[in-house]
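Peer 1: The structure's right below; bear with me while I get my questions together.
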Amino acid sequence: MRVLVTGGAGFIGSAVCRLLVSRYGISVVNLDKLTYAANPCSLDLIAADRRYVFERADVCDRSALDAIFTKYCPTAVIHLAAESHVDRSITGAAAFIDTNFVGTYQLLEAARHYYATLTPDRRKEFRFVHVSTDEVYGSLGAEGRFCEDTPYRPSSPYSASKAASDHLAHAWFKTYDLPVIVSNCSNNYGPYQFPEKLIPLIILNAIEGKPLPVYGQGTNVRDWLYVEDHAEGLITLLSNGRPGEKYNFGGDSERTNLEVVERICSTLDDVSPGPQPRRSLIKFVADRPGHDLRYAIDASKAHRELGWRPRQTFDDGIEKTVHWYLENNAWWGPSRQTVYKGERLGLAEASL
């Protein structure tokens, strides 16, 4: 078996690659454009393994995609290549439309034409897993959870681009019988996450004694899923998922943003005490435009049909994540110095 993973040098993609090769012994072709948030060092654990291959390419480049399908003849695709930071989508939506929508179209077409060349037996085995987000569903009130049949109501340019790509993926199953499976996940966290997202940003700012920005009053609620648990779920789809179906993956760990920040502060104070309690660094800042109030995932279908459940509790996952960032300055230090230094992103500008 050989799996083509797009966006494999990113946060979730690298976790998928590492598990496929090191835990399951499955060959991987990692296709990544290496944008600002990608880090080849995330694959150091498997880089020398003969079952791992890296191809630098853009999912929008159809000729490159065709060449990679022809060269490696993958058994499956796990499509993770995406622009993913909501704040950046607010001030730079074009890249999100290009990669998340157009790129998904190009990859689906390349996979469709490749699929047509396969023997009947290999067609039965082939899967295309399209990885998406719970943000496509919009905002919840105080109660309820997102199910696979929850209507889409995206609020940001990011979530709109992902919603559009989900519809494309499902249409390629309905129209062309390409064996597509769509997954939607809650907020991921863990090692190797680029430090523009909430948890790594707060960890690094707290380590360095810098202000800890919290949007609004910190009351927005997210469900948190440890990245390795999510990667396990995506791999399970290759064998147990049903083409044409959607599966939600969630960590059953709802927390307000303020609770998340306070948990990081207390963990760091325990393992690496500073001159003052880290909570004193919390600073409430202007809210994100269009900020959804609450996300929560109902993952019962994945539990029931895939036999998948998250293994990591939120508190244990945060402790592991904090320790990892404390011990891996060599991974995050260069990007923190040259790519993203922690400045505020995503404030909408007046149109001209």
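FYI, it's all coordinate maths here, none of it is from the lab. In this text the structure is predicted, and so the values were computed from the model without any measurement. Every residue, glycine as well, gets a Cβ built from its backbone with ideal geometry; the counts of neighbours run over all protein chains shown.
Peer 1: Could you name the lysines whose alpha carbon sits less than 27 Å from that of Lys210, not counting residues in the same chain fewer than 8 places away?
Peer 2: Reachable lysines: Lys197, Lys283, Lys320, Lys341.
Peer 1: Please report the antiparallel percentage of DSSP beta bridges with both residues in the chain, rounded to the nearest 5.
Peer 2: Among the beta bridges of the chain, antiparallel pairing accounts for roughly 10 percent.
Peer 1: 222 nm [θ] for the chain, helices only, -39500 (n - 2.57) per DSSP H run of 4+, per residue, to 500?
Peer 2: Working: 12 runs with 132 residues, N = 352.
My calculation for the chain gives -11500 deg cm²/dmol from helical runs alone.
Peer 1: Once each part is reduced to its C-alpha centroid, what is the distance from the stretch 178-218 to the stretch 44-114 in angstrom?
Peer 2: Taking the Cα centre of each part, the stretch 178-218 and the stretch 44-114 sit 22 Å apart.
Peer 1: Pull up the cross-link candidates among the lysines for Lys33, meaning alpha carbon to alpha carbon under 19 Å and not fewer than 8 places away within one chain.
Peer 2: Answer for Lys33, where 19 Å is the Cα cut-off: Lys71, Lys162, listed by chain and number.
Peer 1: Also, quick follow-up: Starting with the highest mean, order 170-183, 151-164 by the number of other Cβ atoms within 10 Å, averaged over the residues of each peptide. Intermediate results must be reported in sequence, preceding the final value.
Peer 2: Working: 170-183: 18.9, 151-164: 20.6.
Ranked by mean Cβ neighbours within 10 Å, highest first: 151-164, 170-183.
Peer 1: Using a 10 Å cut-off on Cβ atoms, rank the peptides 241-248, 195-202 from the highest mean neighbour count down.
Peer 2: On the way: 241-248: 19.0, 195-202: 22.0.
With the highest mean Cβ count within 10 Å placed first, the list reads 195-202, 241-248.
Peer 1: Listed highest first by mean packing, meaning other Cβ atoms within 10 Å per residue, what order do 124-136, 74-86 come in?
Peer 2: Sorting 124-136, 74-86 by mean packing, highest first, produces 74-86, 124-136.
Peer 1: So, counting K/R as plus one and D/E as minus one, what does the shell of residues with Cβ under 14 Å around Leu20 add up to? Provide the component values of the computation, followed by the final result.
Peer 2: Values: positive: Arg2, Arg18, Arg23, Arg50, Arg51, Arg127; negative: Asp49, Glu228, Glu232.
Net of charged neighbours comes to +3.
Peer 1: Next question. Lys and Arg at +1, Asp and Glu at -1: add these up for the other residues within a Cβ distance under 11 Å of Arg56 and post the number.
Peer 2: Details: positive: Lys33; negative: Asp32, Glu55, Asp58, Asp61.
Every neighbour counted, the sum reads -3.
Peer 1: Another question, then. Which whole-number percentage describes the relative contact order of the chain, with Cα contacts under 8 Å and a sequence gap of 6 or more?
Peer 2: Values: 673 pairs, mean separation 65.0, N = 352.
Dividing the mean separation by the residue count of the chain yields 18 percent.
Peer 1: For every other residue with a beta carbon closer than 14 angstrom to the beta carbon of Pro74, add +1 if it is Lys or Arg and -1 if Asp or Glu, then tell me the sum.
Peer 2: On the way: positive: Arg2, Arg51, Lys71, Arg112, Arg122, Arg123, Arg127; negative: Glu55, Asp66, Glu125.
Once all neighbours under 14 Å are counted, the net charge is +4.
Peer 1: For the chain, build the charge dipole from Cβ charges (+1 Lys, Arg; -1 Asp, Glu) around the Cα centre, then report which of Pro277, Val16, Ser186 sits farthest towards its positive end.
Peer 2: Of the candidates, Val16 comes out farthest on the positive side.
Peer 1: Farthest toward the dipole's positive end in the stretch 95-143, which of Val102, Thr119, Val129, given Cβ charges of +1 (Lys, Arg) and -1 (Asp, Glu) about the Cα centre?
Peer 2: Of the listed residues, the answer is Thr119.
Peer 1: Once you charge only the Cβ atoms, +1 for Lys and Arg and -1 for Asp and Glu, what is the size of the charge dipole of the chain about its Cα centre, to the nearest 20 debye? Please list the in-between numbers first.
Peer 2: On the way: 39 positive and 43 negative charges, 116 e Å.
The dipole of the chain has a size of about 560 debye.
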